[in-house]
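This report refers to the structure that appears directly beneath it.
All of the numbers you see were taken from the coordinates with simple rules; none came from a lab. Note that the structure is a prediction, hence the values are computed from the model and not measured. Every residue, glycine among them, receives a Cβ derived from its backbone with ideal geometry; neighbour counts consider all protein chains shown.
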Amino acid sequence: MLQVNRSAAPGRLRRILFVAAGSLVAAGSATAAPASAYAQAAPLPLTPPSIQEPGRSGDHLTITVRDAGNGADGTFELYCHPGGGDHPDVAEACATLDRGTRWGKDAFAPVPEDTLCTMQYGGPATAHVTGTWAGRPVDARYDRGDGCQIGRWDRLVPVLPDLRQEGRS
């Protein structure tokens, strides 16, 4: 409990409080940066300027498809927001990625290791997707080696080519 000595001169108490308050103000202002330091700071871009094209956002993917057949093999550039690149279906590919993008979820995440998958083979096709999506780096590999991998591939159609058999979806 704090006791106040009432016999102390009121002027002395005021002087102590005034000095203490002044010390706090001086300590606080010594650590503050001048306003001009904040005015000169600029936000950093999501991707380095050497990678990002002028007028483009950070949503850029390079998709390399191999062994898919039917003319689907190759390397394609896909830009979204705004759309562009040489991908065969820019608008639908961007829309598919937008629908699959959720806060806290990786749209390109691999199948979890403890997942039970059907033992079916979807063909020799492989894909490699690299770039930046939603401000995050992407480096994802796809194949069609089992039911889980086939499902993961099919969720990205038309970013990846549609290899589903006729009559199935």
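Modelled this way, with points 7 Å down the Cα-to-C-beta line, the labels at ASP139 and THR101 are 2.1 nm from one another. Taking amide H as placed 1.01 Å from N in the peptide plane, the amide H of GLY85 sits under 5 Å from that of TYR79, each at least 5 places away or on another chain. If you take all other residues with their beta carbon under 11 Å from the beta carbon of TYR142, and give Lys and Arg +1 and Asp and Glu -1, the sum is +3. Each residue of the range 109-117 is assigned a 3J(HN,Hα), and the resulting list reads 4, x, 5, x, 4, 8, 7, 7, 10 Hz, derived from the Karplus form 6.51 cos²θ - 1.76 cosθ + 1.60 (θ = phi - 60°), x at Gly and Pro.
Taking other residues whose beta carbon is less than 15 angstrom from the beta carbon of ARG102, and scoring Lys, Arg as +1 and Asp, Glu as -1, yields +2.
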